[in-house]
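Below: one structure, written as C-alpha cells.
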Amino acid sequence: MSGPILVVEGIHKSYGTRRILDVPVLTLAAGESYVLTGENGSGKSTLLRVLAGLEHAEVVACRYDGRPVDLGNYPDWLRRDLIYVHQHPYLFRGSIFDNICYGLRARGLIKASYEPLVREAIAWAGVGALLDVPPHKLSGGEKQRVALARARVLQPRIFLLDEPTANLDAEARQQAIKLISDLCDANRTVVLACHDREIIELPRMNRLNMGRGAIETWNGGAVCV
Amino acid sequence: MDWLATTREAFALLFSGDADLWQVILISLRVSLLAMLIATPPAIAFGYLLATASFPGRRLIVVTTQGLLASPTVVVGLILYLLLSRQGIFGSLKLLFTQEAMIIGQVLIALPVLVAFTISAVQGADPRARETAVSLGASRMRSTWTTLLEVRFGVMAAVFNAFGRIVSEVGCSLMVGGNIAGVTRNIPTAIALETSKGEFAQGIALGFVLLLVALGVNFALAFAQGEGGMK
Ligand SMILES: Nc1ncnc2c1ncn2[C@@H]1O[C@H](COP(=O)(O)OP(=O)(O)OP(=O)(O)O)[C@@H](O)[C@H]1O
Ligand SMILES: [Mg+2]
C-alpha cells in the first residue's frame with residue numbers, strides 16, 4: 001500500500017513510578033484504519049491525546065510525511081492535518097452550524113466559501129433536522145455525529161477518535177458506526193480507541209491491543225521490539 | 001424631620017431634572033464606566049493567564065489578588081493620595097482632586113475583583129472547550145476567546161461585580177477626588193458629605209439612584225443568564 005504518514009519512536013509517559021505509556025515505535029500508513037483495544041486504563045486515550053498534542057509525553061523521534069516533528073512543541077501546520085475527537089465531544093454554545101464551521105473559520109475562510117462545505121457535512125452526518133436544537137440539548141449520539149461532521153469538514157489526513165460509540169444506545173451506535181466506516185473508506189488515516197466489536201471487525205481494520213501502556217499485539221501477532 | 005415630606009422632595013428633585021443632582025449622577029457614571037473600560041480588558045487577559053498558565057509565583061499572585069478583593073477603598077485612596085500629593089512621586093502630574101485621580105483609584109479597586117472572578121470563571125470552564133478549539137486549528141488568541149465566550153456568564157459576573165463595587169465606593173473617591181461640586185462630586189461622596197450638611201432630600205434621591213443602578217446591573221446579569229438557557 002502507501003508509505004507511512006506518521007512514525008513515532010520511543011513514546012514514554014509515567015506518573016510517578018506508574019508507567020502510562022511505553023511504545024517503542026508506532027507506524028501509521030496513509031489511508032489505513034487502526035483500532036486500539038485494551039482494558040480500561042491501558043493508555044488508549046493517552047496515546048491518542050499525545051499524538052494530538054493535547055498531552056505531553058517523552059518522544060524520541062517523530063516523523064510526519066518524512067518530515068521531523070517535535071510533538072512537545074506541536075506545530076500549527078500539523079494540527080491542521082490531524083484531528084482528535086473526544087469520547088464525549090464538547091459542542092460550543094451557539095448552533096450546530098456554528099460548531100461545524102468553527103475550524104473553517106479558524107482557517108480564515110469566508111462565509112461564501114465555508115457555507116456549502118458545512119451544508120454538505122450536515123447532510124453527511126444526518127443532523128439536518130436538528131439545526132434549531134441548542135447543542136447542549138442534543139443526545140450523546142447526536143453530539144458525536146456533529147463532532148464527526150465538525151472534524152470531517154476540515155478534511156484532515158488523520159482522525160483520532162476516542163471511543164466514538166461508547167455509551168450510545170443501539171440506534172445511535174449504528175448511525176455512528178456508519179459514519180466511521182465511511183471515514184475509514186475515504187482514504188483517510190483513522191485511529192480509534194474502541195471496545196466495540198462491530199468496529200473492530202470492520203474490513204481492513206488493523207487491530208492494536210494495548211496493555212499497561214504498551215502495544216502488545218498487532219493484528220493478533222506479537223509485536224517484536 | 002418629616003420623612004414623608006423629605007422623600008417627596010427627593011423625588012421632586014429627581015424628576016424635575018435638578019441640574020446639580022443630575023451632574024452628580026453623570027460624574028459618577030462617567031468616572032466608573034471609564035474605570036471599567038480601562039480595567040476590564042487587561043484584567044480579563046491576566047485572569048485568563050493566571051487560570052491557565054503555570055509559572056513560578058502564580059500561586060502567590062492568585063492568593064494576593066483574592067486578598068485584595070476586600071481591601072478597604074479608603075486605604076487605596078490613602079496610598080493614591082500620598083502618591084499624587086504635591087510631595088508624592090507623581091505629585092508633578094497635578095492629578096490630585098481631579099476625575100482622573102478618581103478613575104485611577106477605581107481602576108485599582110476594580111482590578112482584583114475582575115481578576116479573581118475571571119480566574120474562577122476560567123477554572124470552571126470545561127477543559128475540553130479549549131482542547132476542542134485547539135484541535136480544530138484555532139490560534140492561541142482564538143482558543144482563548146472561545147474559552148472566554150464559553151464561560152461568558154462568569155466573566156460578566158466579574159464585570160458587574162467590579163462595577164457595583166466602584167460605583168458605590170466612598171473612601172477612595174473622597175480622598176483623591178475631594179468632593180468638588182461639578183468636578184469630582186459623585187453619588188457616594190455627595191450622599192456622605194451633603195447629608196451631614198442637612199441636604200436630606202438630595203441624599204435620598206441619590207441613594208435611590210444608586211440602588212437602582214445596583215439592582216439594574218443585577219437584573220441585567222440575571223436576564224442574560226436566563227437567556228443563555230444553561231443546563
Ligand atoms: N493525572 C494523572 N495522574 C495519574 N495517573 C493518571 C493521570 N491521568 C491518567 N492517569 C492514568 O493513566 C492511565 C491511562 O489512562 P487512559 O485514559 O489513557 O486509559 P484508556 O485506555 O483510555 O482507558 P479507558 O478504556 O477507560 O478509556 C490510567 O491508568 C489512568 O489512571
Ligand atoms: Mg479512554
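Residue count for the stretch B:193-221 satisfying the condition of being more than 18 Å from the chain's Cα centre (by Cα), assigned to a helix (DSSP H, G or I) and exposed (fewer than 15 other Cβ atoms within 10 Å of the Cβ): 2. Whether a residue is at pLDDT 95 or above and not hydroxyl-bearing (Ser, Thr, Tyr) was assessed, and A:Glu163 passes this test. Per the listing A:Glu216, A:Glu201, A:Glu171, the residue uniquely open to solvent by 10 Å² or more (accessible area, probe 1.4 Å) and under 19 Å from A:Gln87 (Cα atoms) is A:Glu171. Being surrounded by 16 or more Cβ atoms within 10 Å (Cβ to Cβ), away from ligand 1 (no atom under 12 Å from the Cβ), within 19 Å of A:Cys194 (Cβ to Cβ) and away from chain B (no Cβ under 14 Å) is a property that does not hold for A:Tyr64.
Just to be sure, is A:Val35 at negative phi, within 16 Å of ligand 2 (Cβ to nearest atom) and crowded, with 20+ Cβ neighbours inside 10 Å? So A:Val35 passes the test.
Just name the residue that is nearest to ligand 2 (Cβ to nearest atom) out of those in the stretch A:14-32 that are within 17 Å of the chain's Cα centre (by Cα) and more than 25 Å from A:Ala166 (Cα to Cα). Even if it seems obvious, please write down each step before you answer.
Step one: filter the stretch A:14-32 for residues within 17 Å of the chain's Cα centre (by Cα), giving A:26-32.
Checking the rest, the ones that are also more than 25 Å from A:Ala166 (Cα to Cα) come to A:27, A:29-30.
Numbers: A:Thr27: 22, A:Ala29: 24, A:Ala30: 25 Å.
Among residues in the stretch A:14-32 that are within 17 Å of the chain's Cα centre (by Cα) and more than 25 Å from A:Ala166 (Cα to Cα), the one nearest to ligand 2 (Cβ to nearest atom) is A:Thr27.
Filter the stretch B:68-85 for residues that are modelled with pLDDT under 95 and small (Gly, Ala, Ser); which is nearest to B:Leu174 (Cα to Cα)? Among residues in the stretch B:68-85 that are modelled with pLDDT under 95 and small (Gly, Ala, Ser), the one nearest to B:Leu174 (Cα to Cα) is B:Ser85.
Restricted to helices (runs of 4 or more DSSP H) entirely inside the stretch B:46-135, those with at least 2 residues that are open to solvent by 70 Å² or more (accessible area, probe 1.4 Å), farther than 17 Å from B:Ala158 by Cβ and away from chain A (no Cβ under 14 Å) are B:58-68, B:73-84. Exactly one residue out of A:Cys184, A:Cys194 is within 16 Å of ligand 1 (Cβ to nearest atom) and within 11 Å of A:Tyr34 (Cβ to Cβ): that is A:Cys194.
Just one of the listed residues (B:Ala190, B:Ala181) is away from every other protein chain (no Cβ under 14 Å) and part of a helix (DSSP H, G or I), namely B:Ala190. Check the stretch A:2-13 and report whether any residue there is under 14 Å from the mean Cα position of the chain (by Cα), of a type in the set (D, E, K, R), within 30 Å of A:Lys143 (Cβ to Cβ) and surrounded by 15 or more Cβ atoms within 10 Å (Cβ to Cβ). Looking through the stretch A:2-13, none of the residues is under 14 Å from the mean Cα position of the chain (by Cα), of a type in the set (D, E, K, R), within 30 Å of A:Lys143 (Cβ to Cβ) and surrounded by 15 or more Cβ atoms within 10 Å (Cβ to Cβ). In this entry, A:Val146 is excluded by the filter for residues that are within 11 Å of chain B (Cβ to nearest Cβ) and within 17 Å of the chain's Cα centre (by Cα). If you go through the stretch A:135-166 and keep only what is away from ligand 1 (no atom under 16 Å from the Cβ) and under 19 Å from A:Leu48 (Cβ atoms), you end up with A:Lys143, A:Ala147, A:Leu148, A:Arg150, A:Ala151, A:Arg152, A:Leu154, A:Pro156, A:Arg157, A:Ile158, A:Phe159. If you scan the stretch A:7-55, which residues turn out to be near ligand 1 (Cβ under 9 Å from one of its atoms) and under 24 Å from A:Arg67 (Cβ atoms)? Correct list: A:Lys13, A:Leu21, A:Leu47, A:Leu48, A:Arg49, A:Glu55.
Considering each residue of the stretch B:23-56, count those that are of a type in the set (Gly, Ala, Ser) and within 15 Å of B:Thr98 (Cα to Cα), and give that number. Walk me through it before giving the result.
We begin by selecting, within the stretch B:23-56, every residue of a type in the set (Gly, Ala, Ser); these are B:28, B:32, B:35, B:39, B:43, B:45, B:47, B:51, B:53-54.
From the residues that got through so far, the ones that are within 15 Å of B:Thr98 (Cα to Cα) too are B:28, B:32, B:35.
Looking only at that region, the number is 3.
Once the stretch A:95-119 is narrowed to residues that are surrounded by 15 or more Cβ atoms within 10 Å (Cβ to Cβ) and small (Gly, Ala, Ser), the residue that is nearest to B:Arg128 (Cα to Cα) is A:Gly103.
Selection within the stretch A:71-94: residues that are open to solvent by less than 30 Å² (accessible area, probe 1.4 Å), touching a residue at least 12 places away in the same chain (Cβ under 8 Å) and not aromatic (Phe, Trp, Tyr). The member of this set that is farthest from the other protein chains (Cβ to nearest Cβ) is A:Leu71.
The values are calculated or read from the model by the stated rules, or taken from the named source; none is laboratory data. Owing to the predicted nature of the structure, the values given are computational and were not obtained by experimental measurement. As a convention, Cβ positions derive from the backbone with ideal geometry for all residues, glycine included, and neighbour counts pool all protein chains shown. Note: accessible area is taken over every heavy atom of the protein model, side chains too, but ligands, DNA and RNA are not part of it. Shrake-Rupley method; radii C 1.70, N 1.55, O 1.52, S 1.80 Å.
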